[in-house]
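Chemist: My structure is below; once you've seen it, I'll send some questions.
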Amino acid sequence: MKRFWVYINLITSAWGISHHNVSNHTFPTDFMIGIATSAYQTEGGWNESGKGVNIWDTFSHESPWIVDRSTGDIAADSYHLYRQDVEALVQLGVDFYQFSISWSRILPTGFVNEVNQAGVDYYNNLINELLKNHIEPMVVMYHWDLPQQLQDLGGWANPVMADYFQDYARVLFSMFGDRVKWWITISDPHSISYGYSEPQSYAPGVNASGVGYYLAAYTLITSHANVYRLYEQEFRSKQRGKVGITLNGEWYEPKTDSQEDKQATEMAMQFVLGLFANPIYGLKGDYPDVVKNQVNRISAAEGYHRSRLRKFSPDEIATVKGAYDFFGLNYYTSRTTRAPKPTTDVKNNPDINVIFGDFSNATKSAVPYYEVVPWGLRKILNWIKKEYKNVPVVITENGFSDDGKVNDTERTKYLVSHMSEMLKAVHEDGCNVIAYTYWSLLDSFEWNLGYTVTFGMYQVNYSNPNITRIPKSSAYVFSEITRNRNLPLDYLKITGEISEDVTDIYSLQHRNSTPHHSAASCKGIFFNYSGFYFYVWLATVTYGGYIFIS
Ligand code: NOJ
């Protein structure tokens, strides 16, 4: 149905109106909503003001594996336009902004003996600009862009990298920790490790299938733990922040009810998520038993003298176990899993020994392997709750890709339906989710897919000399959600989330008062007139009204 949304801001206080039971669609008190980018994907300024070269500079300049042969040399130019980014964040009304620091912008060679003051200034300016606007910085120390010089020494396949990562982290805590209270050490070690497995995957594109992945995984896990312990010993008492890691999760749904397919699901969950999560969040620490047994057995059968899965020492197990204040979860999609049929199936990863598949009826997105499966988020949150003692979870990424249009209805549906599943996990299942992050603020460089797909709530106009940012329609809905702390019921209705007719009047909840939003006390009414839905927002202050049509 053709639908109009009309938002009218009135300088008036709202009236009290009866409303539907929307508790399931309301964010808990203190719940934080934010949005993310990463340095290489958005900053540009790749060789400016003393920045050193990193592995994505090298990979994008030299490898044939980026589909449009593009680079992040300029990207969204946030290195120069960060103030515009902060303006967009203010419009969105987010509580926090998750961004990453480019290691080689601060330490051009990766080592701490040479600090690039221009890089330090850039991040100080960004952090200060955020705080001035009452937006909390959530800082990722490493989002895939290792200084090239460290890669020349083996990169994450070399366990000594854990020492250099700790040195780098000490610089960050010392310089920014007075103002940054949310730290993510490493974003998505699973994908980073793939860069040490297949040349066409991610930078650095090392060809070491079956071995490089586990070496990198081992170093990334110990690196994270070293940094967590460093914070604990030297910084926490003064700075009082939180430190966690972001892991990439997909939900794996058994293809059938058979015991074999259920086991296949468990195997896939443990190999992809558990391999990184269990050493940190698991009761006993270390890799999951099923992973150790499987890789040890297959390695021996293949003629290796030692398992391809590098062992943790007992000391390392103890250091890594419990090295967290929260669990950072990236969730984009789900897949089906089933046990292989011994004679007919070709396995692409003999260690996992599971056959992955698609959902025939799922909505597709521009990234072909990211099918839209909102209910998978609820399932994975429940799996984490059960597996890791209901650890506090920050959803660190969740996002939808398309071709970049401004009228991005599908992105809004993705956003609302995923938030809805998350809130069911919170309210109905008792999952301890404390924050949600949409990926991404801006259209940006999507690694091997270059600029061919977009995740942003702001369109970036690369051909304009000012690299302008334009809000998409999802940005308006997102800003409604951050202000009202409620999901828009009409969107839930379209996505089949609520069955009752919401054409009568309901009132919106007052959002939690954080200083920057205290002015947003508002209520609204929603009604149907001649087949069109109208929403009238009555606010005590004006935010700049808008109208859009979908
Ligand atoms: C996860 C990665 O952290 C991020 O860099 C990427 O852009 C998104 N997934 C979307 O694929």
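The values are calculated or read from the model by the stated rules, or taken from the named source; none is laboratory data. Because the structure is predicted, anything quoted here is derived from the model rather than measured. When we count neighbours, we look across all protein chains shown, and the Cβ atoms used for this are built from the backbone with ideal geometry, even at glycine.
Chemist: From the list L449, L441, which one is over 24 Å from G244 (Cα atoms) and within 12 Å of the ligand (Cβ to nearest atom)? Explain how you work it out, then say what you get.
Modeler: Numbers: L441 fails: over 24 Å from G244 (Cα atoms).
Only one candidate qualifies: L449.
Chemist: Further question on the same structure: Which residues, counting only those in region 131-156, are aliphatic (A, V, I, L, M) and within 26 Å of N47 (Cβ to Cβ)?
Modeler: Here is the first cut: in region 131-156, the ones aliphatic (A, V, I, L, M) are 131, 135, 138-141, 146, 150, 153.
If the condition is that a residue be aliphatic (A, V, I, L, M) and within 26 Å of N47 (Cβ to Cβ), then V139, V140, M141, L146, L150, L153 are the ones that fit.
Chemist: Would you say Y369 is surrounded by fewer than 24 Cβ atoms within 10 Å (Cβ to Cβ) and at pLDDT below 95?
Modeler: Working: surrounded by fewer than 24 Cβ atoms within 10 Å (Cβ to Cβ): yes; at pLDDT below 95: yes.
Yes; evaluated as a whole, the condition is true for this residue.
Chemist: Looking at region 356-370 only, could you name the residues that are assigned to a strand (DSSP E or B) and in contact (Cβ under 8 Å) with a residue 60 or more places away in the chain?
Modeler: Taking region 356-370 as the starting set, the residues that turn out to be assigned to a strand (DSSP E or B) are 356-357, 363.
Of everything in region 356-370, those that are assigned to a strand (DSSP E or B) and in contact (Cβ under 8 Å) with a residue 60 or more places away in the chain turn out to be F356, G357.
Chemist: Within region 377-431, which residues are of a type in the set (V, I, T) and under 30 Å from Y451 (Cα atoms)? Walk me through how you get there before you give the answer.
Modeler: Step one: filter region 377-431 for residues of a type in the set (V, I, T), giving 380, 384, 391, 393-396, 406, 409, 412, 416, 426.
Within region 377-431, I380, V394, I395, T396, V406, T409, T412, V416 meet the criteria.
Chemist: Still on this model: Yes or no: region 205-213 includes at least one residue that is under 29 Å from V372 (Cα atoms) and within 16 Å of the ligand (Cβ to nearest atom).
Modeler: no
Chemist: Additional query: Please go through region 132-176 and pick out each residue that is in a helix (DSSP H, G or I) and closer than 30 Å to V94 by Cβ. Before the answer, list the steps.
Modeler: So the first thing to find is which residues in region 132-176 are in a helix (DSSP H, G or I), and the list is 132, 148-152, 155-157, 161-176.
Within region 132-176, K132, F165, Y168, A169, R170, V171, L172, F173, S174, M175, F176 meet the criteria.
Chemist: Among the numbered conditions (1) surrounded by fewer than 18 Cβ atoms within 10 Å (Cβ to Cβ); (2) within 16 Å of the ligand (Cβ to nearest atom); (3) within 29 Å of N128 (Cα to Cα), tell me where D178 comes up short.
Modeler: (2)
Chemist: While we're here: Name every residue in region 411-424 that is crowded, with 23+ Cβ neighbours inside 10 Å and either away from the ligand (no atom under 16 Å from the Cβ) or among the hydroxyl-bearing types (S, T, Y) (or both), in order of residue number.
Modeler: To start, the set of residues in region 411-424 that are crowded, with 23+ Cβ neighbours inside 10 Å comprises 411-412, 414-419, 422-423.
Of everything in region 411-424, those that are crowded, with 23+ Cβ neighbours inside 10 Å and either away from the ligand (no atom under 16 Å from the Cβ) or among the hydroxyl-bearing types (S, T, Y) (or both) turn out to be T412, Y414, V416, S417, M419, M422, L423.
Chemist: Quick check on my filter: what residues within region 305-327 are under 16 Å from K284 (Cβ atoms), assigned to a loop (DSSP other than H, G, I, E, B) and hydroxyl-bearing (S, T, Y)?
Modeler: S313, Y324
Chemist: If a residue has to be at pLDDT 95 or above and more than 14 Å from the ligand (Cβ to nearest atom) to count, how many in region 186-201 make the cut?
Modeler: Within region 186-201, the first condition is being at pLDDT 95 or above, and the residues that meet it are 186-197.
Right, trim to more than 14 Å from the ligand (Cβ to nearest atom) and you get 196-197.
Within region 186-201, residues that are at pLDDT 95 or above and more than 14 Å from the ligand (Cβ to nearest atom) number 2.
Chemist: I would also like to ask the following. Looking at (1) within 15 Å of the ligand (Cβ to nearest atom); (2) at positive phi; (3) not basic (K, R), find the lone condition where G430 falls short.
Modeler: Unmet for G430, out of (1) within 15 Å of the ligand (Cβ to nearest atom); (2) at positive phi; (3) not basic (K, R): (1).
Chemist: Here's a follow-up. So, D408, is that one among the acidic types (D, E), surrounded by 20 or more Cβ atoms within 10 Å (Cβ to Cβ), more than 18 Å from the chain's Cα centre (by Cα) and within 16 Å of the ligand (Cβ to nearest atom) or not? Write out each step before concluding.
Modeler: Values: among the acidic types (D, E): yes; surrounded by 20 or more Cβ atoms within 10 Å (Cβ to Cβ): yes; more than 18 Å from the chain's Cα centre (by Cα): yes; within 16 Å of the ligand (Cβ to nearest atom): yes.
The answer is yes for D408.
Chemist: Still on this structure: Just the residues that are of a type in the set (V, I, T) and over 22 Å from the mean Cα position of the chain (by Cα), please, taken from region 75-109.
Modeler: Step one: filter region 75-109 for residues of a type in the set (V, I, T), giving 86, 90, 94, 101, 106, 109.
Listed by number, the residues that qualify are I106, T109.
Chemist: Looking at (1) surrounded by fewer than 23 Cβ atoms within 10 Å (Cβ to Cβ); (2) more than 16 Å from the ligand (Cβ to nearest atom), which is the only condition V393 fails?
Modeler: (1)
Chemist: Also: For region 478-488, check the following and say yes or no: at least one residue is more than 16 Å from the ligand (Cβ to nearest atom), touching a Phe, Trp or Tyr at 6+ places or on another chain (Cβ under 7 Å) and at pLDDT 95 or above. It would help to see each step written out before you state the result.
Modeler: Let us first name the residues in region 478-488 that are more than 16 Å from the ligand (Cβ to nearest atom), namely 478-488.
Then drop every residue that is not touching a Phe, Trp or Tyr at 6+ places or on another chain (Cβ under 7 Å), which leaves 478, 485.
In the following step, the residues that additionally are at pLDDT 95 or above were identified as 478, 485.
There is at least one residue in region 478-488 that is more than 16 Å from the ligand (Cβ to nearest atom), touching a Phe, Trp or Tyr at 6+ places or on another chain (Cβ under 7 Å) and at pLDDT 95 or above.
Chemist: Among the candidates G303, G328, which residue alone is under 30 Å from Q98 (Cβ atoms), at pLDDT 95 or above and not basic (K, R)?
Modeler: Testing whether each residue is under 30 Å from Q98 (Cβ atoms), at pLDDT 95 or above and not basic (K, R) leaves just G328.
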